Amino acid sequence: MAARTALILLLFLSMFSFACAQPAGYIHTNDYYAVSFDGEGDAIVRAKLIIENTSDHNIEAITLQMPENSIIYYVVQESPQFEKLKFTTMRSADYLDVKIQLANEIKEGGRASIVIIYKVPHLAKKGVLGDFSFEFKTIIDKQAILTERVRVAINVQPGYYLKGAKSEVNYKPDFFSEVQAAKIAGAEMPQIYRKYYDVEYARGLVKWAYSLDQFESFTVRGHYSENPLALYWPEILGSVAFFSMVIVAILLAFKKLSLRKMVAGLMQNGFLAVFTASFLDALALLFLSFLFAVIGEGVFRYISNPFLALLFIFIVMISLAVAMLLPAYWLYKKHSVVHAVAAVLLTLVFLFVMIYVYSVFFHESFRMIQSF
């Protein structure tokens, strides 16, 4: 019994001594990612890792864990000049382990910025409607004990729509082509690196994460497509269902409570008739404008015939004119020409107010939400 106790105590002391002998790991104070997706689902990533050495030894190399099919174009260390780094890779079933040899070791209490440009082929998967869904995961540093803050900015190439954010390309269009990538791999630093350096200021769909522990990564999911209808069809169907339910409820209320005569009496009042007709007409015009804008995007993207394009514009103009003048004509027949003119002017006023309220409140609120 005593021998067993002594053996257990010896094993415990050995484990404790081994743990104490292990040097404390370093931390990532800030990691920045600028991710750009193309029409084939490939992701081009510019990652900037800011490392602070909180251990008791100098850091000469780091080992990173990346997606298994990653293609690394180059790695740069800012110290303070931009120096191209050598690296070796080892692929496994799920990951690509990348060992990077630093040009200048990070001394105790020191900092260094490492920038990696890499590609992850077919990271976004194409759906049945032609939309792409992606799940981007940040790099894992096996020796880092903490990542304090991560910023990921997702973007798409021109001609595509990114759900939840405005797409803004902040690099040269041919920068990430295969031919250009081969040139970059053999180019001299820091000229090319400086040209595409502002990773931390990249815009688009921006997401943040804080206090990631060792072996943890940050995942950002999203969708993009050439056709906005493929992105927002759930919202569109939900809106149609909601308004349909409202209309059905109103009709049932009319039938059950016999409100038809009451509404007809209110319509006899010229002022109430003009006010109600103008407000509803403004709502209808906004809905038609949105619908024509979505349809027109596809028309002008896929139809090159100028006659058909002009025909579409003509149809839009006629439809909006009819929607504008039909309530005015009804008021002219029901009341007078003065009521009809007043309805047209008041409809324009309602349109201006609705657009202004949307741009000031809804758009600003959405922009503030994105900034967090």
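Pop the C-beta distance of Thr88 and Ser133 into the FRET formula with R0 = 35 Å and round what comes out to the nearest 0.05.
0.60
Report the rotationally averaged projected area of the range 70-146 based on its alpha-carbon convex hull, in square nanometres. Intermediate values should be presented prior to the final figure.
Details: hull surface 28.3 nm².
Mean shadow area of the hull around the Cα atoms is 7.1 nm².
Treating r as the C-beta distance of Glu148 and Val206 and R0 as 25 Å, the FRET efficiency rounds to 0.90.
Between Lys334 and Gln81, the modelled label-to-label distance comes to 8.1 nm, taking each label 7 Å out from Cα in the direction of the beta carbon.
Could you please rank Met354, Met66, placing first whichever residue has the fewest other Cβ atoms within 10 Å of its Cβ? Show your work: numbers first, answer last.
Values: Met354 15, Met66 24.
Least crowded to most crowded, the residues run Met354, Met66.
For the range 148-161, the Karplus equation 6.51 cos²θ - 1.76 cosθ + 1.60, evaluated at θ = phi - 60°, returns couplings of 6, 8, 10, 10, 10, 10, 9, 9, 10, 6, x, x, 10, 10 Hz by residue, with Gly and Pro reported as x. The simple spin-label model puts a point 7 Å past each Cα toward its Cβ; for Leu272 and Thr63 those points are separated by 8.0 nm. Local charge for Tyr210 was computed over the other residues whose Cβ lies under 9 Å away, with Lys and Arg +1 and Asp and Glu -1, and equals 0.
Read-outs: derived from the displayed coordinates by stated rules, not from any lab. Only a predicted model underlies this, so the values are computations on that prediction, with no experimental measurement involved. Please note: Cβ atoms are built from the backbone with ideal geometry, for glycine as well, and neighbour counts cover all protein chains shown.
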